[in-house]
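The values are calculated or read from the model by the stated rules, or taken from the named source; none is laboratory data. Model, not experiment: these values are computed from the prediction. We place every Cβ from the backbone using ideal geometry, glycine too, and count neighbours over all the protein chains shown.
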Amino acid sequence: MAMTQKYWDPEIETMSRKDLEALQLKRLKETVARAAGSPYYGKLFKELNITPDSFKSLADLSKIPFTTKEQLRTTYPFGALATPKADVVRLHSSSGTTGTPTVICHTKKDLEAWADRVARSLYGVGVRNTDVFQNSSGYGMFTGGLGFQYGAERLGCLTVPAAAGNTKRQIKFITDFGTTVIHAVPSYALRLAEVFRDMGIDPRKDTSLRIFAIGAEPHTEAQRQRVEEMLGVKAYNSFGMSEMSGPGVAFECPEQHGMHLWEDHYIMEIINPDTLEPVPEGEVGELVLTTLTREAMPLLRYRSRDLTRILPGDCPCGRTHRRIDRMKGRSDDMFIVKGVNIFPMQIENVLLRYAEVGNNYLITINPKVGGDEILIELELKDLFTDDYGQLERLNKRIVSQLRDEILVTPVVKFLQPGSLPQSEGKAVRVKDLRKLS
Ligand code: ADP
Ligand code: ZN
């Protein structure tokens, strides 16, 4: 493949909306036909009298009821399997961040299509077969491991399946093998940067790192900027979920403004999670996805519980697949204190803008008579001062800005760097002690 080519698959990535929608409708009908072979959808379609012929246009998608995480848990493990088990070559499960994990089965073709989507995503931000790709995310059941592994191999990169953890060893790989592209969760990206510093290595000068794919958990623009500055890379947001195979569902392009959701493989809807009605384009709601090419376990109108919006307008990069905005969080992440709905990312957005603030924080909600308390434990970058007056002034500034953002006054406690527990997988940002009692 020529080095100058901008798209992995120009015909698909820049297809006219009309052709793309025609392709979606064709694939939707095929998906309905395949899904009818699973015990779960087979029964549902029979009850509702749904067949591939029920779909004259994409608007007819609304004839199908939503599929929820709870339903997937009740069909666990094989109730939504639409092919004979003999055709299944691998299964994966979700991380189980919010409860019992769900299971997704894959045929050989499913795995190939998945690798293609990841390859397309990486190629789009300039990754080529001359790159050394290090995957510093968990392997095993977590889809960020094998998902990126096969995608980068499909692209022809020299891959380093480092997996998560053992940060000094990660750094040795980066310097020894000349790693140019890396994938990890955002909290781990910052951890890498800290350990580089402790080891006296400047990743901006002493390594060949140039691209960082960060995803699998919510993060703010401020966090992306930190990753870019500390490591001297361009960082691109990567969105996926195991129910939709894994990474490679939506990915930023070089514009770094929203993630193109691969609409030849998925139909996306954004709904109001309370009324279940579609929201007007550009408004935030819950992302609902339908697989269009999956064989083993097609999922229709799957409610992700992730909150985002479709960015209106065309992207200057020329791709026609619509973009979703940086995730606002999961609907389950939201907590209510003193009657106000709060998302952890609103808090992160304020915290990480302060240069003195380190990369790790923990939000604890303490039940209290007269109004629950939000305690934010916050690591400072280094002990930049022993002047208590200065620390107190910084604390007051942060508290007041947080109050403006979340409308509740939190308690902010400064900690030394390295005091909070570090997770190798997805970071735990909120501890709600009200739920434990
Ligand atoms: P679990 O839902 O148990 O964490 P997964 O490993 O399948 O299991 O994770 C998928 C979820 O991770 C998504 O539904 C979303 O909440 C989150 N996620 C993935 N990528 C991103 C991203 N780029 N930004 C924000 N959240 C993300
Ligand atoms: Zn673009």
query = What number of residues within the stretch 260-289 satisfy the criterion of being closer than 18 Å to residue 118 by Cα, in contact with a helix residue (DSSP H, G or I) (Cβ under 9 Å, 6 or more places away or on another chain) and either of a type in the set (Ser, Thr, Tyr) or within 15 Å of ligand 1 (Cβ to nearest atom) (or both)?
reply = 4
message = Let me spell it out: the conditions are (1) crowded, with 18+ Cβ neighbours inside 10 Å; (2) not in a loop (DSSP other than H, G, I, E, B), and residue 298 meets all of them except one. Which number is the exception?
response = (2)
remark   = When the stretch 152-166 is checked residue by residue, the ones that are within 21 Å of the chain's Cα centre (by Cα) and within 16 Å of residue 176 (Cα to Cα) are 161, 162
inquiry  = I'd like to know if the stretch 255-262 contains one or more residues that are farther than 26 Å from residue 140 by Cβ, at pLDDT below 95 and either in contact with a Gly (Cβ under 7 Å, 6 or more places away or on another chain) or among the polar types (S, T, N, Q) (or both).
reply    = no
note = Restricting the stretch 301-322 to residues that are more than 15 Å from ligand 1 (Cβ to nearest atom) and buried (at least 21 other Cβ atoms within 10 Å of the Cβ), the one farthest from residue 112 (Cα to Cα) turns out to be 310
request  = Search the stretch 323-363 for residues being within 16 Å of ligand 1 (Cβ to nearest atom) and charged (D, E, K, R), and hand back the single one that is nearest to residue 196 (Cα to Cα).
outcome  = 348
inquiry  = Name the single residue that is surrounded by the most Cβ atoms within 10 Å (Cβ to Cβ) among those in the stretch 235-281 being more than 13 Å from residue 121 (Cβ to Cβ) and among the small types (Gly, Ala, Ser).
reply    = 235
inquiry  = Restricting to the stretch 151-207, name every residue that is of a type in the set (S, T, N, Q) and within 19 Å of residue 123 (Cβ to Cβ).
reply    = 159, 179, 180
Candidate set: the stretch 86-97, residues that are among the hydrophobic types (A, V, I, L, M, F, W, C) and not in a helix (DSSP H, G or I); chosen: the one surrounded by the fewest Cβ atoms within 10 Å (Cβ to Cβ) = 89
note = Checking 56, 18 in turn, the sole residue that is assigned to a loop (DSSP other than H, G, I, E, B), modelled with pLDDT of 95 or more and either surrounded by fewer than 13 Cβ atoms within 10 Å (Cβ to Cβ) or on the phi < 0 side of the Ramachandran plot (or both) turns out to be 56
key: Close pairs from the stretch 34-53: first in the same structural domain as residue 72 (by TED's automatic domain parsing), partner at pLDDT 95 or above and of a type in the set (Ser, Thr, Tyr), Cβ under 6 Å, at least 6 apart   = 35/41
request  = Restrict the check to the stretch 147-161 and report whether at least one residue is in the same structural domain as residue 292 (by TED's automatic domain parsing), touching a Gly at 6+ places or on another chain (Cβ under 7 Å) and more than 13 Å from ligand 1 (Cβ to nearest atom).
outcome  = yes
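Results for (1) in the same structural domain as residue 17 (by TED's automatic domain parsing); (2) surrounded by 14 or more Cβ atoms within 10 Å (Cβ to Cβ); (3) among the polar types (S, T, N, Q), shown as yes or no for each residue.
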residue	(1), (2), (3)
78	yes, yes, no
81	yes, yes, no
84	yes, no, no
102	yes, yes, yes
106	yes, yes, no
114	yes, yes, no
